[in-house]
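Data block below; observations after.
The values are calculated or read from the model by the stated rules, or taken from the named source; none is laboratory data. Note that the coordinates shown come from a computational prediction; the quantities given were computed from them, not determined experimentally. Quick reminder, even Gly has a Cβ in these numbers, built from the backbone with ideal geometry, and neighbours come from all protein chains shown. The accessibility values were calculated without ligands, DNA or RNA, using every heavy atom of the protein model including side chains. Shrake-Rupley method; radii C 1.70, N 1.55, O 1.52, S 1.80 Å.
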Amino acid sequence: MNSQEIREAFIDFFVERDHELRPSASLIPTDPTLLLTAAGMVPFKPYFLGEEDPPWDRAVSVQKCVRTVDIDIIGTTKRHLSFFEMLGNFSFGDYFKEKAIPYAHEFVAEVLGLDEDRLWYTVHETDDEAAEIWVDGVGIAPDRVQRGGNDNFWQMGVPGPCGPSSEIFYDKGEEFGDPGGPIGGDEDRYVEIWNLVFMQNIQDEPYQVVGDLPAKNIDTGMGLDRIAAVMQEVPSVFDIDTTREVLRTAERYTKLEYGANESADVSLRILADHGRAVTFLIGDGVVPSNDGRGYVLRRVLRRAVRHAWQYGGEGLVIPKLAETTIDLMGAAYPALVEKKDFILDAVTREEEKFRRTLESGHQLLDEALTEEVSELEGETAFKLHDTYGFPIDLTREIAEERGVAVDVSGFDTAMEEQRARARAAWKGSDVADAAEVHRAVLDEYGLSDFVGYDYETSDGVVLAIVHNGEQVQTAEKGQKVEIFLDKTPFYAESGGQVGDTGRMTTETGEVFVADTQHVIQGLHGHEGKVTSGQISVGQPVTSAIDSPRREAIRKSHTGTHVLHWAIRDVVGDHANQAGSLVEPGRIRFDFSHFSQLGDEELASIEGEINQRLIDNTSVTTTVTSKEEAQAMGALAFFGDKYGEVVRVVKVGDYSTEFCGGTHTSTSGQVGPLLLVSEGSVGSNLRRIEALTGAAAYEQVVAMRGALDSTGSLLRSTPMEVPARVEALLERVSGLEDQLEAIASSRRSDLAAELAASADIVAGSTLVTANVGDMGGNELRQLALGVRDRLDGASLVVLGARDGEKGALVALASKDLVERGVSAGDLLAGPARELGGGGSRDPELAQAGGPKGEAIDAALDAVRVDSEAKLAEA
């Protein structure tokens, strides 16, 4: 059976047994505690935890997964993969061991037709129930059911669901290792093909069970690649239909033959596996970066490139591996085909960039490792990381291949010292003390009641006042304070939206609120200054936000949602929001993307935005369950923690996002939106800045005014300005060409004069001269002109004043260079006379410095040195 036939057989088997077929979830999980989808159960985790009610009692899926916790052994074995597909059947409080075990046996024995004499089973050492079902319920011989320890207890390495498990193993035969069964036998011989997890517990750390789940659940996982190797009767997961062709692509690139050399085989397996992983990660929207899942992708890709690089090969390797992967897997995962161009472009850019790093950093690493050392110094590893961008993981891998350890603790020390230097200039309030004060307010009064979605003014009570880090009962005029209310219309900064400003008024005083912050999530701290009288704890207070400012912020926030939609529409769904700042009239929006946006892309984004704003569609807010929000297609962002009840903002029928911010009621209220800049703020991270509403209009008016003024100066209408400027530039270019022709003619005449005045020193021709006022580039052209007029061994040294600066150029003929004369060495001393330095090229060197008045002294020095050097040569 090929892989697709196994997928279909598994799905059909469980659909016939009333399981709901669920499509593979993205490799980017919605769970903020996970970087990547590393198991088939990840999309169902809220159901197992009882956080959400499952829409079905049973489910079946084929889930794409990436797991890199054991990346260092990928390639060194024939059974481990970083990218794999997990076949799984799940029960949410419905059936348990009594059905899960017979289902599994029926599928492997009857549907797949595996020889039962080759099947072995394991259970947890305490799980008598599972052992009895295998023996008494299914009819497995007792000596075929073995008991294990932690290997038969499933957990994800993070707090969450867990439970005992039962595994099914396939015996590949005596030629693959020693007998004895999966516990005690050779792991290359006994291959785990299915893991049945009886998810009944919850843990707070690995293997530390703290209680039972609300219901007993079933989570099973059968690695498609492993069962395919069994069904296709091939020796490893690298020989099955979905990986062998990728490995062949690696063979063609490296000119290696799989099976001929174990060291080369490791590299080929790494290329095959990592090529697939990279393809699927980018296909799901992961972009290479230096943190989070982007770093995982970058590390996997760079590891593959390094293994290919050491064997040579023409061109780039990852695009070839990705293309083969898409060809093989596109039928099962059509999104790969749809995003093929994007995937190939992304891996091309990343590999090209890393190959430059390899070329520069590898030389330093090679030099350090060629010395007879048992450990690479931490400082050297840090220099590779800091100067050359060489990841510490890669340094360790290369060093270990050569039997050299890396001083990781020294590397960490150097890294921390750099961070300490970066922090040294930062000075601020005592964060710990501030947090303690806020915690005391929270413990005494609870969370703030925010009414600002519906009201811009509200009446409340002053619960607490903080001044100079301490709670006080009363604050006087002029004092800076942080005030806490029972009820507030002030929006606290979150989700990129800045906090509200405004005023608070009591019967005895007034406070200007300059900012509002979540000092603890849900507790609004109003930072401001008492502007009149005094304010005391317990007083009734009327709070009013700055309404025009809030309205401008609303425009910007709704504009941000439309901007996000337009960016994804133009450049692709991988362009996920990575941060934002929403201010009155201004937006700063960061998103993941691997290249600069072109003028046409920016124009398309801005055009689509303003067309949507002109359409003036409604902006609606819905408070609903997280599950319902996800069903609506609402975009959620990694790192944001959402409760069971969430707020969803929908603009028209095109933008739907989780959002707790404030918005306009229609898109047209945003007014115009004007993009003002686009640039890089990090690896594969771009930033767009934009103006909205009145600020955008004022910018357009200013630009129009500038254009009108330019038109007046050019005696043309504003619409004619581009053509007039283009004509003027052409004219200026023509005049510059004429000037250059005149200057060139003058240089030619001067070069002839200087060549004619040359001296003969020890059989070689020497020209030294101060040519007056001349720029560095002209001086170089003149020196070349002199040299071209000289025969045989020659040395030309010219000096000039370039404004207040001094400049020198030296040219030595090739035969003089071969006899030990170096233009760069001759200028080194005289350059210091000018207060500067120069290049060290032996044939053509330039130097200069700010002391133009010393040019004659510098030339005298270089002439003396030149005559002496020519006499020696």
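Table: residues versus (1) acidic (Asp, Glu); (2) more than 25 Å from Ala229 (Cα to Cα); (3) outside any strand (DSSP E or B).
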residue	(1), (2), (3)
Asp151	yes, no, yes
Gly163	no, yes, no
Tyr170	no, no, no
Pro179	no, no, yes
Pro182	no, no, yes
Gly185	no, no, yes
Asn195	no, no, no
Asn201	no, yes, no
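In segment 540-582, the qualifying residues are those that are of a type in the set (Gly, Ala, Ser) and closer than 30 Å to Val511 by Cβ, and the one that is surrounded by the most Cβ atoms within 10 Å (Cβ to Cβ) is Ser556.
Here's the yes/no breakdown for (1) within 30 Å of Val645 (Cβ to Cβ); (2) in a strand (DSSP E or B); (3) touching a strand residue (DSSP E or B) at 6+ places or on another chain (Cβ under 6 Å):
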{"position": "Arg7", "(1), (2), (3)": "no, no, yes"}
{"position": "Arg17", "(1), (2), (3)": "no, no, no"}
{"position": "Ser26", "(1), (2), (3)": "yes, no, no"}
{"position": "Ala38", "(1), (2), (3)": "yes, no, yes"}
{"position": "Pro43", "(1), (2), (3)": "yes, no, no"}
{"position": "Thr68", "(1), (2), (3)": "no, no, no"}
{"position": "Thr76", "(1), (2), (3)": "no, no, no"}
{"position": "Leu81", "(1), (2), (3)": "no, no, no"}
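Under the condition of being in a strand (DSSP E or B) and out of contact with any Pro (no Cβ under 8 Å at 6 or more places or on another chain), the residues counted in segment 45-66 number 7.
Where strands (runs of 3 or more DSSP E) fall wholly inside segment 550-665, the ranges with 1 or more residues that are within 27 Å of the chain's Cα centre (by Cα) are 577-583, 586-592, 645-651, 655-658.
In summary, Arg248 fulfils each of the numbered conditions (1) open to solvent by less than 40 Å² (accessible area, probe 1.4 Å); (2) in a helix (DSSP H, G or I) with the single exception of condition (1). Residue pairs whose Cβ atoms lie under 7 Å apart, separated by 6 or more positions or on different chains, with the first residue in segment 358-378 and at negative phi and modelled with pLDDT of 75 or more and the second in a loop (DSSP other than H, G, I, E, B) and open to solvent by 100 Å² or more (accessible area, probe 1.4 Å), are Leu369/Arg402.
Kindly indicate whether Asp18 is out of contact with any helix residue (DSSP H, G or I) (no Cβ under 8 Å at 6 or more places or on another chain), on the phi > 0 side of the Ramachandran plot and open to solvent by 10 Å² or more (accessible area, probe 1.4 Å). Yes. Looking only at segment 666-703, which residues are in a strand (DSSP E or B), hydrophobic (A, V, I, L, M, F, W, C) and closer than 11 Å to Thr558 by Cα? Selection gives Leu673 alone.
Of all residue pairs spaced 6 or more apart or on separate chains, those with beta-carbon atoms under 6 Å, a first member in segment 233-255 that is over 27 Å from Leu112 (Cβ atoms) and a second member that is assigned to a loop (DSSP other than H, G, I, E, B) are Glu251/Tyr258; Tyr253/Gly313; Tyr253/Val317; Thr254/Tyr311; Thr254/Gly313.
Scanning segment 83-108 for residues that are open to solvent by 20 Å² or more (accessible area, probe 1.4 Å), closer than 23 Å to Asp171 by Cβ and either among the polar types (S, T, N, Q) or in a helix (DSSP H, G or I) (or both) yields Pro102, Tyr103, His105, Glu106.
Report whether or not Leu336 is crowded, with 19+ Cβ neighbours inside 10 Å, closer than 17 Å to Asp273 by Cβ and in contact with a Leu (Cβ under 7 Å, 6 or more places away or on another chain). Here the answer is no, as Leu336 does not meet what is asked.
For (1) within 19 Å of Ala861 (Cα to Cα); (2) in a strand (DSSP E or B); (3) at pLDDT 90 or above, each residue gets a yes or a no:
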| residue | (1), (2), (3) |
| --- | --- |
| Ala751 | no, no, no |
| Val771 | yes, yes, yes |
| Asn777 | no, no, no |
| Leu782 | no, no, yes |
| Gly785 | no, no, yes |
| Val796 | yes, yes, yes |
| Ala800 | yes, yes, yes |
| Ala807 | yes, yes, yes |
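If you go through segment 283-322 and keep only what is among the charged types (D, E, K, R) and either part of a loop (DSSP other than H, G, I, E, B) or without any contact (Cβ under 8 Å) to a residue 24 or more places away in the chain (or both), you end up with Asp284, Asp291, Glu314. Within segment 758-780, the set of residues being surrounded by fewer than 19 Cβ atoms within 10 Å (Cβ to Cβ) and under 17 Å from Ala812 (Cα atoms) comprises Asp759, Ile760, Val761, Ala762, Gly763, Arg780. The residue pairs whose first member lies in segment 1-19 and is closer than 23 Å to Tyr95 by Cβ, whose second member is charged (D, E, K, R), and whose beta carbons are closer than 6 Å, counting only pairs six or more residues apart or on different chains, are Asp18/Arg58; His19/Arg58.
Looking at this structure, is Asp117 within 30 Å of Arg244 (Cβ to Cβ), among the acidic types (Asp, Glu), within 36 Å of the chain's Cα centre (by Cα) and open to solvent by 50 Å² or more (accessible area, probe 1.4 Å)? The answer is no for Asp117. Filter segment 369-389 for residues that are open to solvent by 40 Å² or more (accessible area, probe 1.4 Å) and assigned to a helix (DSSP H, G or I) and give the result. Correct list: Thr370, Glu379, Lys383, His385, Asp386, Thr387, Tyr388. When Gly292, Gly221 are checked against the criterion of being closer than 30 Å to Leu685 by Cβ and out of contact with any helix residue (DSSP H, G or I) (no Cβ under 9 Å at 6 or more places or on another chain), a single residue qualifies: Gly292.
How many residues does segment 353-368 contain that are surrounded by 13 or more Cβ atoms within 10 Å (Cβ to Cβ) and out of contact with any Leu (no Cβ under 7 Å at 6 or more places or on another chain)?
7
When Thr656, Thr624 are checked against the criterion of being within 27 Å of Asp341 (Cβ to Cβ), of a type in the set (Val, Ile, Thr), free of Cβ contacts under 8 Å to residues at least 40 places away in the same chain and open to solvent by less than 40 Å² (accessible area, probe 1.4 Å), a single residue qualifies: Thr656.
Taken over segment 195-214, the criterion of being open to solvent by 80 Å² or more (accessible area, probe 1.4 Å) and β-branched (Val, Ile, Thr) is satisfied by Val210 alone. For Gly607, the conditions (1) surrounded by fewer than 17 Cβ atoms within 10 Å (Cβ to Cβ); (2) at pLDDT 95 or above; (3) under 14 Å from Ile688 (Cα atoms) all hold with the exception of (3). The residue of segment 23-32 that is modelled with the lowest pLDDT, among those that are within 21 Å of Asn217 (Cα to Cα) and surrounded by fewer than 18 Cβ atoms within 10 Å (Cβ to Cβ), is Asp31. Gly682 - would you say it is surrounded by 22 or more Cβ atoms within 10 Å (Cβ to Cβ) and farther than 15 Å from Trp565 by Cα? No.
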